[in-house]
Amino acid sequence: MASTEQPLPPTKETQLPEWEHEHGDAHVAPPAKRRSRRVGGGGAGVSAKLDRVLPPHRRYLGMSRKLFLIVLLAVILALLVLIIGLAAGLSRKSKNQNLPLPTNTDKHVGEFTYYGTGLGACGGNSNNNPLCGLMLRASRFDEEVNAQRSIDLKVVDRCTGCAPNDLDTSLGAFEKLAPSASGRVDITWAWLQPTPTA
């Protein structure tokens, strides 16, 4: 004869795990949990922080998180290369910022500008700059008078923003060769007292 006993509802002590209820069979084992071994420790912490800052399921600028991070890394590397390249180029260029040495009477062509004068690099302590106090002659063709004009100038300062053949003078000196409204004009210049190189 078959037993007609009803099974007792599960109590706290006899309650079946959730996975047994889902399958209706007490003999099905739960799925195996994956265990990953991380070498070096702290990788899980970094991954969790990255997931908090940039959740993996979201899109960033229309890109998946992985593609976004790759693009971001490429941009950062490009900026780093640009900064290093500019720094190297500027340091190389700064070595050539001095006026050509007065070793001959060669003529040099450059731009002529003016600035508000002050003590200058040669005033007070000239740092033993061999160019301080030397004389040069700047000349320019003046279209207004249809003639060549020139002025003798004494080196009293260094223009760090100028190209090697450019001259930056006081407003008064500039106006002897060009109207101040011109701001920047082409000139030819040469040293008046060439000195031999050591």
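The values are calculated or read from the model by the stated rules, or taken from the named source; none is laboratory data. All figures in this text were calculated on a predicted structure; none of them were measured in a lab. Here the Cβ is made from the backbone with ideal geometry for all residues, glycine too, and neighbour counts use every protein chain on show.
Details
- Failed condition for SER126, given (1) surrounded by 10 or more Cβ atoms within 10 Å (Cβ to Cβ); (2) under 30 Å from SER182 (Cβ atoms); (3) at pLDDT below 70: (2)
- Hits in the range 145-174 - residues which are over 25 Å from ASN129 (Cβ atoms) and touching a residue at least 12 places away in the same chain (Cβ under 8 Å): ARG149
- In this entry, ARG52 passes the filter for residues that are loosely packed, with under 10 Cβ neighbours inside 10 Å, part of a helix (DSSP H, G or I) and basic (Lys, Arg).
- Scanning the range 129-149 for residues that are surrounded by 14 or more Cβ atoms within 10 Å (Cβ to Cβ) and within 14 Å of LYS107 (Cα to Cα) gives LEU136, ARG137, ALA138, SER139, ARG140.
- Options ASP186, ASP152; residue that is modelled with pLDDT of 85 or more and under 34 Å from the mean Cα position of the chain (by Cα): ASP186
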